[in-house]
Every structure is written in C-alpha cells, then in structure tokens.
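Shown next, in structure tokens, is the structure this report addresses.
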Amino acid sequence: MRQDQEDPYQRRSARGYAGVGRAGHGPAEPTRGVLYDAVLLDRDGTLIEDVPYNGDPEKVRPVPGARAALDRLRAAGLRLAVVTNQSGLARGYFSAEQMRAVHARVEELLGGFDAWLVCPHDDSDGCDCRKPAPGLVYAAAHELGTTASRCVLVGDIGRDVGAALAAGAAGVLVPTPVTRPEEIAAAGWVATDLPSAVDEILRRQRAVQPARTGDPVGTTLVVRSDSAGDVLVTGPAIRAVAAGAQRVVLLCGPRGRAAAELLPGIDEIIEHPLPWIDPAPAPVDPDAMRDLTARLAAVGADEAVVFTSFHQSALPLALLLRMAGITRIAAISDDYPGSLVDIRHRVPVGVPEPERALSLAAAAGYRLPVGDEPVLRLRDDAGASRPTAAGDPGYVVLHPGSAASSRACPTELAARIAAALTAAGHRVLVTGGPDERTATARVAASGGTDLGGRTDLAGLAALVADAAAVVVGNTGPAHLAAATGVPVVSLFAPTVPFGQWGPYRVPTVRLGDAAAPCRDTRAASCPVPGHPCLSGVDPAEVVEAVRTLVPRGGGIR
C-alpha cells in the first residue's frame, strides 16, 4: 500500500526543513551544465523497491538498472541527492539509526550520494518538508550549492512531481503499479523506468549544447510569429542567438509584437502576419507575401533561425527566406524540407517549449553565455508603472481570461476563487484585457480590485512582477509570471500538454482535471459542455496552493 494513501493534502506549519539521517558529502559548486546541476531522487519505488516503513537494510533491493543509470549521471558531472518522505519515523515504525542503516545499504549497492534529505514527519505535523511541499527540494538545492530551478527530481508518485513543480524544479514521474492514473495524466514528464528517465535527462542536457562555435555572426534573423505567450517562451533562445550575433532582427506577428518589445537581445522587430500561423488568417495575399519577401531581403541577414510550436510548419516561411536570399536557415521540421532548410532539427514530443527553442538555437551554433540562466526573462528597461489602485506589492493577481476560451477560467469559478482568497486574507487584483472588462468586474465584485483593461502588456508585466503569486490559466500572463520569477497557481486546461506549455522554471502548483475529455485536442473553444477540466476546481485548493507557494511573511522565495 502506498504510504500516502491515508494522508490528507500537505498542510504548512511554522516548522522548517528536516534533515534526519543526512549522509551528504558537502556543498558543491554548480556545474556549467545549461539545464541541470543536480538530480534529486525519491527513495522508495524510485531507487529501491518500495517496502512500506522499512527499517531493515536486508530488505533493500535496487530497482532494475539503477546503479548503471546513476553512474551515468555521475559521469556527466551531475550531483545526486535523495529526497524522501519517511513518516515511519514520526509513527515510531523504525528509528533514525535504523533508517541510517538502510541508507548505508542503499549507498553500498548504488554508490554514494552527495546529500540525503529526509522528512521525518507525518502529514498531521503540518511541516514544510513533506512532499508535495517543496521544502526538501529547496533544502537539497541549497546543500548541493545550486538552485531548485537547476534541479530535476525523479519520483514514482504525484507527490514527488508536485514537490518539484512547487519549487520550480523539473519533475519526472516513473510510474509503478501503485501510481494512480490521475497522477500520470497530470505529470508533464513521464518515463517508463529510471534508466529511461536518465536517458532523457542527459539527452535534454546535451541538446542545448551548441553544435558549432566560431566568430560571431553579423546579422541573424529570428522568427516567432505567434501569440504573446509563444514569443515569451522563445526568449531564452533569442538571447542565445544574441550572444553569438552582432545584430538580431525578429520577425513576429501582430499578436506577439507587444511581447517582443519586452524581450532582451532584439535589435529590430519586423511585424507581419503569416497566414499559415495565425489562428484566424486572412486569405493569402500574393502582394503581401512579395512585400514581406522584400522586407526580409532588406535585412541582409547572414542566416535565419525559424522558431515554431510543435504543431506548426517552418517550411512556408523557409521558402520565402530562400527567395529573400538568406543562404543558411535553421528550423525544426519533421516534414521533408528539401533544399529549404540547411539545419533540419528534430525534437521529441514533450519537451518544454523554451527548451525546444533553445535546442534549435544550439543546433544552429548559439548558446546562452555563462551567467545567463535558461529561464524566461524580460528587458531590464521593459517595465511600466503599476496602476495606483494596485497598492503595495505582495498581492495575488487573478487573471481568469484567455484569448482561447478553452483555456479560460469560468467566470463563476473565478468569482468564487476571488472570494476565497480574499477571505483568506489576500489582496486580490483581477486583471484582463479591454474585451474582458465585463468578466473582470463580475469576478472582482466577489472580492478584489478590478483592473480589467487598465494595463497594456508592459503594465501587466510590472503588475505581475510585484505579486506574491499569480492565479492564471495557460495563457500569456502565466509566462509573464515565469519571466519575473513569480509563483503560479496554474489552472491548466489540458488541451495542450502541460509538460510543454506549463509555467517554466518557476514555482508552480497545477490544478484542474488533467484527464478531461479535452486533453490534447488543441481546441481554442471548449469542446466539452460545462468546461469540466476547470469547473471542478475547489477554490479552497487555490488558497492552499498559494499557501504552498508563498512563504510566510508574503515574500517570494
């Protein structure tokens, strides 16, 4: 039986992290790996067979392939730590000495670990360290000399993945017979076993290393013609290109222009709609395409990097780029590109969109410079002033709307969330676009300040940057929160994969039915009556998620 089946959802308390039975080898300097410095591993069911409340080292049995997989991580320079819930200590089923004997046996069979982080509490203790709370992840990152965002946690149940996400780390679920189907559906990254998880960790690490190095390129044209959120998640890749090019020109569409103006590394923006990308395209206008080709030719680019989402084709634009005289083109293309693409890159399904773009930049020879983390980021001078009505920092932003109605939070639910957050003592700011003012007014009437239609994207970014947390669906403001380091309560409709589109490298709690019938439909409007993927969210879950993400005192980790 899973040890968490009898436990209620994690409750926070005044206690700090617990490290009973640590056998660490001291803090370490972070490696220069772009994505990960460390791999954190759950113990029971992930490294060794799950024997409930085991205090006997003779019962330790590694999972198949564990030693070889761990040795591959060590050889790659990654630090290793174990992060494990051991409520048997609190319940008196075994002693700390017995637990240390079990850990010694694990290291005898699997090799040494750089740190052991243990939660010795039961859920009724209300600690901060028992997964799915993020305490063990933060503590492990600190002990390993890195940050949670540069860690990946491998575990076998939803609590493990939840702890990783709540700390801003990557989480890999390796299901076992006790893993619940809903936990598998909710996980953004699923591997069949521990060796497969290690394969993918190392593949993703390698994928963002440049394929070539050399002198800086003169002018590089980068392309991301899509919505604001799509442009924002391409930001790390654009910065990588900027680090290796003297001048960067971005081609984007009208829906992404405001986001493009917030990104560092761009010297010039060309705005033009692309009828094979826009969700409601106008008919193809040959004159407009000729004008675009002429504008692209006038850039004088030495090469182009065409960024697209996983369901889009780069080939129509690649043809125009060839006609514009650009001789070196890099793009992701599963379709045969003929002579349209010089660097044809492929990415497995499920990779987060920022990493997908970074891997294309790396394939074209571009890499983030030392000191620039692979996170979403805005220009230092991009901020606008917050509305006076926002008041002092530390509020919760509730953004219920979305350009795609399938990803929006139902207004009635958003109103109940606003009321619950207000009753819990939070100041709530309700945001939305000019076309959402009626909805934001209805939501704010239940609790909070209505700021619908009162900010442009830059102003919304400034508003989000001073929030304690943002409650939002899968839409642009979620990526603004990630770009400003603000925790996200993600009301995520599963029309697209969470592993690709969830808030990137920022503390997150995901809510909603991940197995709803709309899953992976990419529907822009809800295909199921009643919006069941989000309508079942309990506002109390949102309040609890904010408690998990925001440390006492209201600051940001």
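The values are calculated or read from the model by the stated rules, or taken from the named source; none is laboratory data. Quantities reported herein were computed from a predicted structural model and do not represent experimental measurements. Reconstructed Cβ throughout: ideal geometry from the backbone, glycine too, with neighbour counts over all protein chains shown. Keep in mind that these areas ignore ligands, DNA and RNA; they rest on the heavy atoms of the full protein, side chains included. Shrake-Rupley method; radii C 1.70, N 1.55, O 1.52, S 1.80 Å.
Looking only at residues in region 322-348 that are of a type in the set (Gly, Ala, Ser) and buried (at least 16 other Cβ atoms within 10 Å of the Cβ), the one that is farthest from GLY365 (Cα to Cα) is ALA324. Going residue by residue through region 427-448, is there one that turns out to be touching a residue at least 60 places away in the same chain (Cβ under 8 Å) and at negative phi? The answer is no; no qualifying residue exists. The residues listed here are ALA81, ALA166; of these, the one that is small (Gly, Ala, Ser), within 22 Å of GLY188 (Cα to Cα) and part of a helix (DSSP H, G or I) is ALA166.
Scanning region 130-152 turns up at least one residue that is assigned to a strand (DSSP E or B) and either buried (at least 24 other Cβ atoms within 10 Å of the Cβ) or touching a strand residue (DSSP E or B) at 6+ places or on another chain (Cβ under 8 Å) (or both). Per the conditions (1) of a type in the set (Val, Ile, Thr); (2) open to solvent by less than 10 Å² (accessible area, probe 1.4 Å); (3) modelled with pLDDT under 95, the sole criterion not satisfied by VAL60 is (3).
In this entry, ALA298 passes the filter for residues that are more than 21 Å from ASP230 (Cβ to Cβ), out of contact with any Ser or Thr (no Cβ under 7 Å at 6 or more places or on another chain) and either of a type in the set (S, T, N, Q) or open to solvent by 10 Å² or more (accessible area, probe 1.4 Å) (or both). Residue count for region 366-377 satisfying the condition of being in contact with a helix residue (DSSP H, G or I) (Cβ under 9 Å, 6 or more places away or on another chain) and open to solvent by 20 Å² or more (accessible area, probe 1.4 Å): 6. Here are GLY325, GLY338, GLY350: which of them is within 20 Å of the chain's Cα centre (by Cα) and on the phi > 0 side of the Ramachandran plot? Of the residues listed, the single one that is within 20 Å of the chain's Cα centre (by Cα) and on the phi > 0 side of the Ramachandran plot is GLY350. Of the residues making up region 83-96, those that are over 33 Å from the mean Cα position of the chain (by Cα) and either buried (at least 19 other Cβ atoms within 10 Å of the Cβ) or of a type outside the set (Phe, Trp, Tyr) (or both) are LEU89, ALA90, ARG91, GLY92, SER95, ALA96. Only residues that are touching a Leu at 6+ places or on another chain (Cβ under 6 Å) and open to solvent by less than 10 Å² (accessible area, probe 1.4 Å) were counted in region 120-129, giving 1. Mind telling me which of the residues LEU35, LEU40, LEU80, LEU47 ends up being among the aliphatic types (A, V, I, L, M), more than 18 Å from LEU194 (Cβ to Cβ) and open to solvent by less than 30 Å² (accessible area, probe 1.4 Å)? The match here is LEU35. Restricting attention to region 254-276, the residues that are at negative phi, open to solvent by 20 Å² or more (accessible area, probe 1.4 Å) and assigned to a loop (DSSP other than H, G, I, E, B) add up to 8.
For every residue, the table says whether it meets (1) over 21 Å from ASP456 (Cα atoms); (2) out of contact with any Phe, Trp or Tyr (no Cβ under 8 Å at 6 or more places or on another chain).
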residue	(1), (2)
LEU173	yes, no
ALA185	yes, yes
ALA191	yes, yes
VAL217	yes, yes
THR234	no, no
VAL249	yes, yes
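Please determine whether any residue of region 117-128 is hydrophobic (A, V, I, L, M, F, W, C) and modelled with pLDDT under 95. Taking every residue of region 117-128 in turn, at least one turns out to be hydrophobic (A, V, I, L, M, F, W, C) and modelled with pLDDT under 95. Closer than 28 Å to PRO275 by Cβ and in a helix (DSSP H, G or I): does that describe ALA318? Considered against the rule, which asks whether it is closer than 28 Å to PRO275 by Cβ and in a helix (DSSP H, G or I), ALA318 comes out as yes.
Identification of helices (runs of 4 or more DSSP H) wholly contained in region 173-253 with 3 or more residues that are over 15 Å from ILE269 (Cα atoms) and either open to solvent by 30 Å² or more (accessible area, probe 1.4 Å) or of a type in the set (S, T, N, Q) (or both) yields 181-186, 194-207. Looking only at region 392-402, filter to residues that are part of a loop (DSSP other than H, G, I, E, B) and open to solvent by less than 30 Å² (accessible area, probe 1.4 Å); which one of those is nearest to ALA465 (Cα to Cα)? Filtering region 392-402 for residues that are part of a loop (DSSP other than H, G, I, E, B) and open to solvent by less than 30 Å² (accessible area, probe 1.4 Å), the one nearest to ALA465 (Cα to Cα) comes out as TYR395. Yes or no: region 228-242 includes at least one residue that is over 25 Å from HIS311 (Cα atoms) and in contact with a Pro (Cβ under 8 Å, 6 or more places away or on another chain). Yes, the conditions are met somewhere in region 228-242. Annotation for region 105-118: no member residue is of a type in the set (Lys, Arg), surrounded by 23 or more Cβ atoms within 10 Å (Cβ to Cβ) and more than 19 Å from the chain's Cα centre (by Cα).
Here the condition is being touching a Phe, Trp or Tyr at 6+ places or on another chain (Cβ under 8 Å) and within 30 Å of PRO494 (Cβ to Cβ); of LEU413, LEU378, LEU421, LEU360, it holds for LEU360 alone.
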